Amino acid sequence: MRHDPTREYSRRVRECESEIRRFKNIETGLITLKLGIVAFGIWTIYRIALGSGGILWGGLAGAMGGFFVVSLIHERFIRKRTFIFTIQTLNRTELNALEMQFPEYSNGENFSSPDHPYAFDLNIFGPRSLFHYINRTATGPGSSCLAEWLKSPSSDWTAESCRTRQGAVRELSSRLDFRQKIEARGRLIRDGSKRGEALSDRTRPQRMISSRAGLAGIIHILPVMTLVSGIFFAMGGTWTALAAMLTGQAILNRIFRRPIDAVYTLTRRTSGMLKGYSDIMNEIEGASFKSGGLRELSERLRSGGGASRKIRKLGSLSGLFQLREAEWLHFVLNAVLLWDLHCSLRIERWFQSEGSRISHWFDVIGEFEALSSLAGLHFNHPDWVFPAMKSSGPLLRAAGLGHPLIPAQERVGNDVEIPGPGSILIVTGPNMAGKSTFLKTVGVNMALAQAGAPVCAREFAAAPLQVYTSMNVSDSLDRNLSLFYAELQRLKNILDGIERGERVLFLIDEILRGTNALDRQTGSAALLRQFSERGASGVVATHDLELTKLETTIPDRIVNRHFDGIVDEDQLVFDYRLHPGPCRSVNALILMRRIGIDV
């Protein structure tokens, strides 16, 4: 039985509201208790000031201890309430997404490039893009991984790798609690992206302290000798030994100031971020999976003693180093205990032991977040299908293929088939009839299919293909390119892909638009013949009916299809259905006459 995502998200929002109210009631009681303890403490201090000592001192100590314990409990409930509130926000975001409201998450604009084979033309990245719609990643590694999957060349993929990822997406789709726990923990990480990238740089920190022979022994022995000298001085001894020890520590701190600052800068304020990453890793390590891909990712974190435990240790060391921000306390401890050197030494040793693995651990988190994003797409659209990725058979065959960013109530699905290498669909029709949208529909769904995601169709089967587009081509003043030359560069990219032996699927909107009609017709026909003869397949949208004649000269590889509409009271009405053959209507001329243009 197919689930109802709207009902499920609404139920979870209500459950979260109930939990939040319960936590708030508990917190109100804890606040009242804290105020009572404070009042008792004030009363005790007042009585002590009046000369009533004895047992009141014990009462004051108990009040201070009780306040500390209750504060810890209160803080724990605040963290729980914040977590539940984050979960509630996630479910509300999904309800909005079902209404085609794009979430306030990263839209991936930083991954966009006009030079990519298809991402720019297909609106893969940027505001209201495919990435913007499906992205549920909360960390830098997650966003980067999802972006890479949506724009990777098909040469990196096999049908088997796509099926493996589909299995992971299917399993995660049914584990909504697990996915939302990981996403919520990621949302609670502050500034995790940049700091995480810095920590995953394997070249840092340099071994400037841990590599010094004998230094570790001095760091441990000198503070002990300082404390002994201090005790000796307090008992009436001379101050000479204490002064010598303190001077020695000051000299060491001065000598190693730069390496200490380098380690501190690297780990500064990362304690909370590392705890967040550790919590995410702990969730993944503790889960059991059926999918081989998910089991392999989980094992990568569990191996070697558990990544979550080791990341948490680094977070604890980073937290100890943060004592630097408590100026007077830090000054005393650093002068007596070589605090900074101890922290730097232990952090350097941590990186020496585990630094080469931290980027791999972050990569695992990134893959889980990317898989969760695709799983969320599957959960939100249970009527979409997972494509059958095959190395043999038709290059592309789809039924009811629609654009995933068009609302379901407005979306019109079409059937399309590209039977084999060299097959080309020539799509004609008037403006606004749906030609460009059809090209984008094919391309966007191919990007989803090769990422391992479900596609917006009733049926979908395809071979791994390298998609190339030439659609939103324009002249470029900053690059000194004319429209015609800019389009030639896009077409040259397709030829280069063919030369590299790629299985090319090209999507071209108005081929050679930047030149005169005669050159366009001659050049377009020659180019399409060359594409077909060299095994490249694709779809071409055009107004040029001369190109439809290629079906008679190459009938086994070139097929005509068209979109059409009717004129209804000076308005063109379109059905957005793909029909056989070339477009024969003269709707544009009729509409021009209707508005008073003499044709």
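Annotation note: of 365, 358, the sole residue that is in contact with a Pro (Cβ under 6 Å, 6 or more places away or on another chain) and assigned to a helix (DSSP H, G or I) is 365.
You will find that of 20, 48, the residue that is touching a helix residue (DSSP H, G or I) at 6+ places or on another chain (Cβ under 7 Å), among the β-branched types (Val, Ile, Thr) and farther than 30 Å from residue 173 by Cα is 48 and no other.
Of everything in the range 352-397, what is farther than 22 Å from residue 152 by Cα and of a type in the set (A, V, I, L, M, F, W, C)? Give them in sequence order. 358, 379, 384, listed by residue number. Remark: pairs (first residue in the range 70-89, under 24 Å from residue 33 (Cα atoms) and among the hydroxyl-bearing types (Ser, Thr, Tyr); second residue surrounded by 14 or more Cβ atoms within 10 Å (Cβ to Cβ) and modelled with pLDDT under 95; Cβ separation under 9 Å; 6+ apart in sequence or on different chains) = 71/30; 71/34; 82/188.
Regarding the range 248-262, can at least one residue be identified that is under 24 Å from residue 359 (Cβ atoms), touching a residue at least 24 places away in the same chain (Cβ under 8 Å), touching a Gly at 6+ places or on another chain (Cβ under 7 Å) and not hydroxyl-bearing (Ser, Thr, Tyr)? No, that holds for no residue. Are any of the residues in the range 435-443 hydroxyl-bearing (Ser, Thr, Tyr), crowded, with 16+ Cβ neighbours inside 10 Å, in contact with a Lys or Arg (Cβ under 9 Å, 6 or more places away or on another chain) and more than 21 Å from residue 162 (Cβ to Cβ)? The answer is no, given that none of the residues of the range 435-443 is hydroxyl-bearing (Ser, Thr, Tyr), crowded, with 16+ Cβ neighbours inside 10 Å, in contact with a Lys or Arg (Cβ under 9 Å, 6 or more places away or on another chain) and more than 21 Å from residue 162 (Cβ to Cβ).
Residues that are modelled with pLDDT of 70 or more, in contact with a helix residue (DSSP H, G or I) (Cβ under 8 Å, 6 or more places away or on another chain) and farther than 24 Å from residue 519 by Cα within the range 546-580 comprise 563, 564, 565, 566, 572, 576, 578, listed in sequence order. For the range 399-427, name all the residues that are part of a loop (DSSP other than H, G, I, E, B), among the polar types (S, T, N, Q) and touching a residue at least 24 places away in the same chain (Cβ under 8 Å). Hit for the range 399-427 is 423, nothing else. Residues of the range 11-53 that are in contact (Cβ under 8 Å) with a residue 60 or more places away in the chain and surrounded by 15 or more Cβ atoms within 10 Å (Cβ to Cβ): 12, 13, 16, 19, 20, 23. Looking at the range 507-530, can you tell me whether even one residue there is part of a strand (DSSP E or B) and either of a type in the set (A, V, I, L, M) or more than 40 Å from the chain's Cα centre (by Cα) (or both)? Scanning the range 507-530, I find at least one residue that is part of a strand (DSSP E or B) and either of a type in the set (A, V, I, L, M) or more than 40 Å from the chain's Cα centre (by Cα) (or both), so the answer is yes. Could you say whether any residue in the range 99-121 is exposed (fewer than 15 other Cβ atoms within 10 Å of the Cβ) and at positive phi? Yes. Of all the residues in the range 314-333, those that are out of contact with any helix residue (DSSP H, G or I) (no Cβ under 7 Å at 6 or more places or on another chain) and touching a residue at least 12 places away in the same chain (Cβ under 8 Å) number 1.
Pairs needed: first member in the range 503-527, assigned by TED's automatic domain parsing to the domain that holds residue 431 and under 17 Å from residue 120 (Cα atoms); second member anywhere, among the aromatic types (Phe, Trp, Tyr) and not in a loop (DSSP other than H, G, I, E, B); C-beta distance under 6 Å; at least 6 residues apart or different chains. That search, which allows pairs on different chains as well, returns 506/468. Within the range 192-208, does at least one residue satisfy the condition of being modelled with pLDDT of 80 or more, closer than 24 Å to residue 316 by Cβ and either assigned to a helix (DSSP H, G or I) or not assigned by TED's automatic domain parsing to the domain that holds residue 337 (or both)? No - not one qualifying residue is present in the range 192-208. Counting the residues of the range 96-147 that are in contact (Cβ under 8 Å) with a residue 40 or more places away in the chain, part of a helix (DSSP H, G or I) and over 19 Å from residue 378 (Cα atoms) gives 4. Among the residues of the range 419-442, those that are closer than 12 Å to residue 509 by Cα and within 31 Å of the chain's Cα centre (by Cα) comprise 436, 437, 438, 439, 440.
Criterion first (at pLDDT below 90 and outside any helix (DSSP H, G or I)) does residue 394 satisfy it? Spelling it out, residue 394 is indeed at pLDDT below 90 and outside any helix (DSSP H, G or I). Does at least one position in the range 83-94 carry a residue that is outside the structural domain of residue 497 (by TED's automatic domain parsing), within 30 Å of residue 438 (Cβ to Cβ) and touching a helix residue (DSSP H, G or I) at 6+ places or on another chain (Cβ under 9 Å)? Yes, that holds for at least one residue. Working only within the range 253-274, note down all residues that are surrounded by 18 or more Cβ atoms within 10 Å (Cβ to Cβ) and closer than 19 Å to residue 218 by Cα. Listed by number, the residues that qualify are 256, 259, 260. Of the residues making up the range 311-355, those that are crowded, with 17+ Cβ neighbours inside 10 Å and not in a helix (DSSP H, G or I) number 1. Among the residues of the range 79-94, what is the count of those that are more than 20 Å from the chain's Cα centre (by Cα) and either aliphatic (A, V, I, L, M) or under 23 Å from residue 144 (Cα atoms) (or both)? Count: 1.
The values are calculated or read from the model by the stated rules, or taken from the named source; none is laboratory data. Predicted, not measured: the structure shown is a model, and the values here were computed from it. Counting neighbours? That spans all protein chains shown, and the Cβs are built from the backbone with ideal geometry, glycine included.
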